[in-house]
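K.L.:
Sharing a structure with you now.
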């Protein structure tokens, strides 16, 4: 129920209007008074509500009767005055009710908008919670995939280290003729050393891929490209055993100013990727030639599905993989870290790596340029035997 002050305000506004009409005097007739009182009733309906508006309309009708009182008493001068009085009373009551109803509709509409806004906020909150749940689910899936990739990449060098150490321990148990010769021991120690370096480079590349720390420059030394390629092929022998690897390297290339172990790791990553997606029995080609006086260009090409031109730069981002592209061997799946690590290793040595158009209509070709060593004599740049196809 409306507060009492709303009714008092409605009746008071009618009384105030009648008082103003009385002050104006004889210039006011019934028609003028009806317009003023109707206006007051409509305003009461707008600001005070339905109940006070009806009370105000009845008060206005009673006040309107004043204009039909003569010195002889209450009378109507003409029959049309009855029509005017009835019309005023009806218009006052109906007008007040209509104005009040419109006010109620406006209040209901405002309440409806508030409910819609509240519902929208609730839906938005539910959507945010669902998005967070989906993001959490994807995050868990990514963690699981990353853990699988780390397990795969860490197990390979650890297995080699463990096998070498086990062989040396077993050899020590035999002091007789079957003891492991010194050459074999030295070879196993080299395996342990190389695989430990490989493991260390992988962890370092994983933690800092995409960044360069100038406080830790790479160990750049003059290194023969033929030896680097040979080491990379030997490292990747197990993953490329179902493919035909062809090497086309210019034998007159000068030594490189690089960290040989890091470049070997890059070459292994490229060969591993090529064998992962290219069909068995196809050819993987390693090409090395002079790019200019300061750089040597090395490329690894395969006959796989290739990389779309619009994704050739994105594949070097961490955790990015070509959509709907899975390796032929499900056990060799990854999470998109190999090329990111390869780019960091190459750029840390002043080189550059990218994906170029393949030499044939299909496949992919990854190209990198590495700096040549400028601190060697011309005699040291003597031609090395060209590497034969394997």
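K.L.:
Residue check, residue 225 against (1) crowded, with 19+ Cβ neighbours inside 10 Å; (2) out of contact with any helix residue (DSSP H, G or I) (no Cβ under 8 Å at 6 or more places or on another chain); (3) free of Cβ contacts under 8 Å to residues at least 40 places away in the same chain, all met but one. Which one?
P.N.:
Against the list (1) crowded, with 19+ Cβ neighbours inside 10 Å; (2) out of contact with any helix residue (DSSP H, G or I) (no Cβ under 8 Å at 6 or more places or on another chain); (3) free of Cβ contacts under 8 Å to residues at least 40 places away in the same chain, residue 225 comes up short only on (3).
K.L.:
Continuing with the same structure: Using the structure shown, decide if residue 265 is within 39 Å of the chain's Cα centre (by Cα) and either in the same structural domain as residue 341 (by TED's automatic domain parsing) or modelled with pLDDT of 95 or more (or both).
P.N.:
yes
K.L.:
Could I ask something else about it? Considering only the range 283-316, how many residues are out of contact with any strand residue (DSSP E or B) (no Cβ under 7 Å at 6 or more places or on another chain), assigned to a loop (DSSP other than H, G, I, E, B) and free of Cβ contacts under 8 Å to residues at least 60 places away in the same chain?
P.N.:
Number satisfying all stated conditions: 5.
K.L.:
Being crowded, with 21+ Cβ neighbours inside 10 Å and closer than 21 Å to residue 370 by Cβ is true for just one of 297, 312, 344. Which residue is that?
P.N.:
Just a single option satisfies the conditions, and that option is 344.
K.L.:
Go through the range 289-310 and give me each residue that's in contact with a helix residue (DSSP H, G or I) (Cβ under 8 Å, 6 or more places away or on another chain) and within 17 Å of residue 224 (Cα to Cα).
P.N.:
Of everything in the range 289-310, those that are in contact with a helix residue (DSSP H, G or I) (Cβ under 8 Å, 6 or more places away or on another chain) and within 17 Å of residue 224 (Cα to Cα) turn out to be 296, 298.
The values are calculated or read from the model by the stated rules, or taken from the named source; none is laboratory data. In this text, all values refer to a predicted model and were calculated from it rather than measured experimentally. Note that each Cβ is placed from the backbone with ideal geometry, even for glycine, and that neighbours are counted across all protein chains shown.
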